[in-house]
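Undergrad: First the structure, then my questions, so here it is.
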Amino acid sequence: MKILVINCGSSSLKFQLIDSESEAVLGKGLCERIGIDGSVISFTPAGGDKIVKEEPMPDHNKAIALVIEALTDPATGVVKELSEIDAVGHRIVHGGEAFTKSVIIDDQVIRAIEEVSDLAPLHNPANLIGVRACEKAMPGVPMVAVFDTAFHQTMPEEAYLYGLPYRYYEQYKVRRYGFHGTSHAYVSARAAEIIGKPYDSLKTIVCHLGNGASVSAVKNGRCIDTSMGLTPLEGLIMGTRSGDIDPSVIDYISGKEHKDLKGVMTVLNKESGVYGLSGDISSDFRDLEAGYNKKDPGAIRAIHCFAYHVTKYVGAYAAAMNGVDCICFTAGVGENSPLVRKYVVERLGYLGAKLDEAANESRGKEVTISTPDSAVRIMVVPTNEELAIARDTAALVK
Ligand code: AMP
């Protein structure tokens, strides 16, 4: 089956066409600046060169039309007819408590996604715009919703409840949901495959370290805890997000800097994390590592703080699972930063973890970075959220 995977944001749309049998990417691309002047679509057919076109995209319907045009272009496209696309898999950020797994999209599913949209007001409405635009352009083609939150729905109450009045949970569903679920699920399952042990027999900690970052504890194939919360702001220090702080900081800074609540939340989401800690050098670890190598104190500080917080979560989740068999690093930083991985693993001696320094130098590849006598297997497992979405979509529409 040929599965079109769509990840639709408010002004951007990423797409991949995947052959579900061979799991090959037939083509992929990105629409940027939808609804803004200077819209651009880029498309790369498998084995071909990237094609970049500036085209007005006043809305997502036009963006989807251009995606279809790119996929079916007689010269550079990857399918002859639109009818060759068997199904569409959509990334949906928040499924609330309503969705514990991927589902075929129908009117009832759309209503349920709308109902949880106030939990992700920036993301879910944008995701649904993508669903509607595809429905219009490809009537009758089955669509599947794959939720970032679904994998974490197996968390027990003790892990997902906050120490708040219980009625906030009952009335408003205030709780930990967790995100990057597709990645945590894919990586933990792939790790079991690599190790050659049943998924449901392992205790795995997945460190998804990208611009957004989260850690999860996966025990016997089920997520039992994760670091992001009601929103992706909680947990690790991230590119520009603060991660965990004392909530009183909000009130304190609001007074000191004469900012309203929205203003402080903008700081926590967009001006904090390694970007803020570094003294505004960059949120990108490539820049921070360059600064680190030049002994820039801001870059050193940001990298140390980031890695320290990952180490703390690994320790917490080893405790939560009463042990750990396998620790996986994934996403942009996890796959490409030997420095961050080294700082995390060198503090895990109490778990019997031993780093293979030479193997740790590898970037972007599946590799074991622990020594053969390490008590914990430590691996780099590149994530592939698009493939995970295509797999779920193919399984549901078959
Ligand atoms: P992601 O959100 O998973 O796409 O990760 C994006 C982040 O990964 C970037 O902002 C960088 O901080 C980091 N990254 C990507 N490539 C590298 C690299 N070669 N070395 C260090 N960090 C990298």
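The values are calculated or read from the model by the stated rules, or taken from the named source; none is laboratory data. Everything numeric here is computed off the predicted structure, so don't read it as measured data. All Cβ positions, even for glycine, are placed from backbone atoms using ideal geometry, and neighbour counts span all protein chains on display. Ligands, DNA and RNA are stripped out before the accessible areas are found, and what is left, the full protein with its side chains, is counted by its heavy atoms. Shrake-Rupley method; radii C 1.70, N 1.55, O 1.52, S 1.80 Å.
Undergrad: Considering each residue of the stretch 368-398, count those that are open to solvent by less than 30 Å² (accessible area, probe 1.4 Å) and part of a helix (DSSP H, G or I), and give that number.
TA: 6
Undergrad: Of all residues being of a type in the set (Ser, Thr, Tyr) and over 16 Å from Gly276 (Cβ atoms) in the stretch 228-251, which is modelled with the lowest pLDDT? Just the residue, please.
TA: Thr231
Undergrad: Also: Can you confirm whether the stretch 141-155 contains a residue that is surrounded by fewer than 19 Cβ atoms within 10 Å (Cβ to Cβ) and β-branched (Val, Ile, Thr)?
TA: Checked the stretch 141-155: at least one residue is surrounded by fewer than 19 Cβ atoms within 10 Å (Cβ to Cβ) and β-branched (Val, Ile, Thr).
Undergrad: Turning to a different aspect of this structure: Consider Gly96 carefully, then state whether it is open to solvent by less than 20 Å² (accessible area, probe 1.4 Å), part of a loop (DSSP other than H, G, I, E, B) and either closer than 25 Å to Arg391 by Cβ or at pLDDT below 95 (or both).
TA: Against the criterion (open to solvent by less than 20 Å² (accessible area, probe 1.4 Å), part of a loop (DSSP other than H, G, I, E, B) and either closer than 25 Å to Arg391 by Cβ or at pLDDT below 95 (or both)), Gly96 qualifies.
Undergrad: Okay, moving on. In the stretch 354-367, how many residues are of a type outside the set (Asp, Glu), assigned to a loop (DSSP other than H, G, I, E, B) and over 24 Å from Ala302 (Cβ atoms)?
TA: Matching residues across the stretch 354-367 total 2.
Undergrad: So, Ile194, is that one over 26 Å from Val340 (Cβ atoms) and either hydrophobic (A, V, I, L, M, F, W, C) or in a strand (DSSP E or B) (or both) or not?
TA: no
Undergrad: Out of (1) within 19 Å of the chain's Cα centre (by Cα); (2) surrounded by fewer than 23 Cβ atoms within 10 Å (Cβ to Cβ); (3) of a type outside the set (S, T, N, Q), what's the single condition that is false for Leu261?
TA: For Leu261, the exception is condition (1).
Undergrad: Taking the stretch 180-207 as the search range and keeping residues that are open to solvent by 10 Å² or more (accessible area, probe 1.4 Å) and within 12 Å of the chain's Cα centre (by Cα), which one is farthest from Leu387 (Cα to Cα)?
TA: His180
Undergrad: Go through Glu21, Glu69 for me and flag whichever is surrounded by fewer than 19 Cβ atoms within 10 Å (Cβ to Cβ), part of a helix (DSSP H, G or I) and modelled with pLDDT of 95 or more.
TA: None of the other options fit; the residue is Glu69.
Undergrad: Hey, another quick one. Hey, Gly212 hits all of (1) within 13 Å of the ligand (Cβ to nearest atom); (2) closer than 23 Å to Phe99 by Cα; (3) touching a helix residue (DSSP H, G or I) at 6+ places or on another chain (Cβ under 6 Å); (4) not acidic (Asp, Glu) but one; which does it fall short on?
TA: All conditions pass for Gly212, except number (3).
Undergrad: Just for the stretch 343-372: of the residues that are over 20 Å from Ala213 (Cβ atoms) and touching a Gly at 6+ places or on another chain (Cβ under 9 Å), which one is farthest from the ligand (Cβ to nearest atom)?
TA: Tyr350
Undergrad: How many residues are away from the ligand (no atom under 15 Å from the Cβ), part of a loop (DSSP other than H, G, I, E, B) and charged (D, E, K, R) when one looks only at the stretch 219-250?
TA: So the count comes out to 3.
Undergrad: Residue pairs, Cβ under 8 Å, 6 or more apart or interchain, first in the stretch 279-291 and of a type in the set (Gly, Ala, Ser), second within 8 Å of the ligand (Cβ to nearest atom) and open to solvent by 30 Å² or more (accessible area, probe 1.4 Å). List them.
TA: From the stretch 279-291, the pairs are Ser283/Asn211.
Undergrad: Another one. Restricting attention to the stretch 316-360, report how many residues are closer than 19 Å to Ile194 by Cα, crowded, with 20+ Cβ neighbours inside 10 Å and touching a residue at least 60 places away in the same chain (Cβ under 8 Å).
TA: The total comes to 8.
Undergrad: Looking at (1) touching a strand residue (DSSP E or B) at 6+ places or on another chain (Cβ under 8 Å); (2) within 21 Å of Gly140 (Cβ to Cβ); (3) surrounded by fewer than 22 Cβ atoms within 10 Å (Cβ to Cβ); (4) not aliphatic (A, V, I, L, M), can you tell me which one Arg111 breaks?
TA: In the conditions (1) touching a strand residue (DSSP E or B) at 6+ places or on another chain (Cβ under 8 Å); (2) within 21 Å of Gly140 (Cβ to Cβ); (3) surrounded by fewer than 22 Cβ atoms within 10 Å (Cβ to Cβ); (4) not aliphatic (A, V, I, L, M), Arg111 misses (1) alone.
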